[in-house]
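The values are calculated or read from the model by the stated rules, or taken from the named source; none is laboratory data. Values in this document were obtained by computation on a predicted structure and should not be read as measured data. Cβ sites come from the backbone with ideal geometry, for glycine too, and all protein chains shown count toward neighbours. With ligands, DNA and RNA removed, areas are computed over all heavy atoms of the protein, side chains included. Shrake-Rupley method; radii C 1.70, N 1.55, O 1.52, S 1.80 Å.
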Amino acid sequence: WAPFSSQLDWEVARWAKLHGPGSEAFNELLRIDGVCGHLGLSYQSTQQLNNIIDSSLPKVPKFECELVVMGGEVFEMYSHNIINCIKYLFGDPEFAPHLHLVPKRHF
């Protein structure tokens, strides 16, 4: 569950980011006396949760832009570094059920 301290810590963080209320409502919940302690959360505010996410979790590969000149016209070509994409996909357990490592026939 790294960088979180437990499965519950991760589940609360996941809920807060994907399905939860606005950040101020989540902050108010975390400020209720005993909530963070009883749940064993590693953060006490939305800002602390965002800092954990921004500094510890794998980053989504960034698009790279390259200018290509064809026939006198300039085009912007966007792409990803394929190695960074593979590292990202294999580093996220959410993708595990969707990754096939052997050839598969579709017909």
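When ligands, DNA and RNA are left out and all protein chains stay put, how many square angstrom of accessible area per residue does the chain have with a 1.4 Å probe?
Numbers: 8460 Å² over 107 residues.
Roughly 79 Å² per residue, with all protein chains present.
On each of the three principal axes of the Cα atoms of the stretch 1-86, give max minus min coordinate, whole Å, ordered largest first.
67, 26, 18
Rounded to the nearest percent, how much of the accessible area of the stretch 19-107 (1.4 Å probe, protein heavy atoms only) is carbon and sulfur?
Working: 4340 of 7270 Å².
About 60 percent, which is the carbon plus sulfur part of the accessible surface.
Report the residue, chosen from 63, 75, 95, that carries the largest GNM mean-square fluctuation when the chain is represented by alpha-carbon nodes joined by springs under 10 Å.
So, out of 63, 75, 95, the one fluctuating most is 75.
So how far apart, in nm, are the two label points at residue 1 and residue 25 if each is 7 Å from Cα heading toward Cβ?
Result for the modelled spin labels: 2.4 nm.
Return the calculated 222 nm mean residue ellipticity for the chain, to the nearest 500 deg cm²/dmol, obtained by summing -39500 (n - 2.57) across DSSP H runs with n ≥ 4 and dividing by the residue count.
Rounded to the nearest 500, it is -12500 deg cm²/dmol.
Please find, in a Gaussian network model of the chain (springs between Cα atoms separated by less than 10 Å), the residue of 35, 60, 74 whose mean-square fluctuation is greatest.
74
Scan the chain and hand back the longest stretch that contains none of the trypsin sites (Lys or Arg not before Pro) lying in DSSP loops with at most 15 other Cβ atoms within 10 Å. Kindly include the intermediate steps, with their values, before the conclusion.
Numbers: sites that count: 59, 62, 104, 105.
Value returned for the longest uninterrupted segment is 1-58.
With the cut-off at 1.5 for a/c, could you classify the stretch 63-107 from its C-alpha gyration tensor as rounded, prolate or oblate?
Working: a/c = 4.67, a/b = 2.04, b/c = 2.29.
Since a/c reaches 1.5 but b/c is at least a/b, the shape of the stretch 63-107 is classed as oblate.
How large is the accessible surface of residue 78 in square angstrom, using a 1.4 angstrom probe and rounding to the nearest 10?
Surface open to solvent at residue 78 totals about 130 Å².
Report the gain in length on full extension from residue 8 to residue 66: 0.36 nm times residue separation, minus Cα-Cα distance, nm rounded to one decimal. Kindly include the intermediate steps, with their values, before the conclusion.
Values: separation 58, 0.36 × 58 = 20.88 nm, distance 4.33 nm.
The span from residue 8 to residue 66 would gain 16.6 nm if fully extended.
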